[in-house]
Amino acid sequence: MPALVLLGAQWGDEGKGKATDLLGGSVDYVVRYQGGNNAGHTVVVGDQKYALHLLPSGILSPTCTPVIGNGVVVDPSVLLSELSGLNERGVDTSKLLISGNAHIITPYNVTVDKVTERFLGKRKIGTTGRGIGPTYADKINRVGIRVQDLYDESILTQKVEAALDVKNQILTKLYNRRAIAVDQVVEELVGYAEKLAPYVADTVLVLNQALEDDKVVLFEGGQGTLLDIDHGTYPFVTSSNPTAGGACTGAGVGPTKISRVIGILKAYTTRVGAGPFPTELFDEDGDALRRIGGERGVTTGRDRRCGWFDAVIARYATRVNGLTDFFLTKLDVLTGWEQIPVCVAYEIDGKRVEELPYSQSDFHHAKPVYETLPGWSEDITKAKSFSDLPKNAQNYVKALEEMSGAPISAIGVGPGRDETIEINSFL
Ligand code: GDP
Ligand code: IMO
Ligand code: MG
């Protein structure tokens, strides 16, 4: 019953889509367990490029069943347009399963997300504006709308009324916006019911039965460890648990079933949105990483902030997720630098600190302590095995592995499916 979790070890955009797609052909189920269409997962198959937001990357593998678990927040309009976009490109999406317990991102939650950010002004989080935070807030406040509610109009109306009761007060009195009409929301949501019906299932039962039948299940994280609501750089985080434990609650599978936890780790660091980022570069090296790495958000089109690799963060990800392996991505982007700095510790108030400080104020003024590793200039995009890499690239990978606390079992040397060096098999 091999269940694997694949998640972001940094601030998102590590290359989870590519890594998931790579394994997709050998696994039976790929499950999203948290987040929503704030994610942007790029998968390159041959000359085709796909940007997936809500759908699990396994949807591109014909033998795999994609699952949207109970922990995900679902915007039905985005889901349906993503499905039809893939259908137009010849991808069969009929196997998709959606948990009836997943919460719906309602139009008013998208509004609240945008209005709240505007109101926060310079203190804003820099959210993707997709309604993620307000939808999880409604879930925790017990005024959320679930997928199953679409099939009982009377219950749905009562729930939308309850949710809008307070929200309309806030929208009109605090934010100076028009109130949102219950009927209009109900009508829109009911309009999705029939279209989504073929996909709605008891995904907890399906996945647990699959594991009993020795099927291979892969949980695909959205976002990343440092964006986790509990373990990330709060409040500059997303509103769910991308960390490994989130796979259990977000899919209804017990922790005893998880056999492997793979952290996707970029060979340097990026971040989108606001919040602390010790190794961030504001010079030409940062610009070069952004240019060569194509570091532009898949969801919002925003430029990603770029910086050197941070081993303190990687060690932290190993710890909070219980990582068994790393998949190191985008090593090819570092080709051409004569020397590559790597952050091995922080300096906080004149003291060297080896681990991520729990105090937000300390982290905000943590200064990176760098060690510099020799770079390489040879093209590595055709490398198929570790020994094909130039010696300095091998040493860079080995150094990162030693600092990060888990074996690097695969290395990405380009965006394509086949541009990967496999060191230890994941299955
Ligand atoms: P995700 O959100 O973690 O799935 O990552 P994104 O798709 O947002 O961003 C990762 C970007 O890097 C995408 O454009 C991928 O196609 C690309 N990518 C993934 N792995 C590699 C790699 O090893 N080398 C290069 N050059 N690009 C990669
Ligand atoms: P993938 O899955 C990078 C960031 C946003 C913002 C914060 C909160 O592609 O790695 P939210 O809309 O979730 O309330 O925004 O989280 N963020 C991401 N950053 N990759 C992502 O997803 C992200 N999803 C959310 O930029 O700082
Ligand atoms: Mg992304």
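For this structure, a couple of remarks:
- Some residue of the range 219-226 being in contact (Cβ under 8 Å) with a residue 24 or more places away in the chain, part of a strand (DSSP E or B) and over 16 Å from the mean Cα position of the chain (by Cα): no
- T381 at negative phi, surrounded by fewer than 22 Cβ atoms within 10 Å (Cβ to Cβ) and away from ligand 3 (no atom under 16 Å from the Cβ): yes
- Qualifying residue in the range 389-398 (condition: of a type outside the set (K, R) and within 19 Å of T324 (Cα to Cα)): yes
- Residue satisfying condition, being on the phi > 0 side of the Ramachandran plot, surrounded by fewer than 21 Cβ atoms within 10 Å (Cβ to Cβ), of a type in the set (G, A, S) and within 12 Å of ligand 1 (Cβ to nearest atom), within set G293, G301: G301
- Looking across the range 407-423 at every residue that is modelled with pLDDT of 95 or more and either within 16 Å of ligand 2 (Cβ to nearest atom) or part of a loop (DSSP other than H, G, I, E, B) (or both), the one that is surrounded by the fewest Cβ atoms within 10 Å (Cβ to Cβ) is identified as P407.
- Residue within the range 57-72 that is closer than 15 Å to G8 by Cβ, touching an Asp or Glu at 6+ places or on another chain (Cβ under 8 Å), free of Cβ contacts under 8 Å to residues at least 40 places away in the same chain and not in a loop (DSSP other than H, G, I, E, B) present: no
- Answer from A163, A251, A193, A244 - the residue that is buried (at least 20 other Cβ atoms within 10 Å of the Cβ), in contact with a Phe, Trp or Tyr (Cβ under 9 Å, 6 or more places away or on another chain), farther than 30 Å from T318 by Cβ and modelled with pLDDT of 95 or more: A163
- Summed over the range 33-48, the residues that are farther than 20 Å from G252 by Cα and touching a residue at least 24 places away in the same chain (Cβ under 8 Å) give a count of 11.
- So L150, is it touching a Leu at 6+ places or on another chain (Cβ under 7 Å) and either of a type in the set (F, W, Y) or at pLDDT 95 or above (or both): yes
- Selection count where residues are in contact with a helix residue (DSSP H, G or I) (Cβ under 9 Å, 6 or more places away or on another chain) and within 14 Å of ligand 2 (Cβ to nearest atom), scope the range 6-29: 13
- The sole residue among I145, I180, I140, I229 that is crowded, with 16+ Cβ neighbours inside 10 Å, among the β-branched types (V, I, T) and within 16 Å of ligand 2 (Cβ to nearest atom) is I229.
- Selection within the range 329-363 - modelled with pLDDT of 95 or more and within 16 Å of ligand 2 (Cβ to nearest atom): T329, K330, F363
- The one condition in (1) under 21 Å from E161 (Cβ atoms); (2) in contact (Cβ under 8 Å) with a residue 60 or more places away in the chain that G129 fails to fulfil: (1)
The values are calculated or read from the model by the stated rules, or taken from the named source; none is laboratory data. Everything numeric here is computed off the predicted structure, so don't read it as measured data. We place every Cβ from the backbone using ideal geometry, glycine too, and count neighbours over all the protein chains shown.
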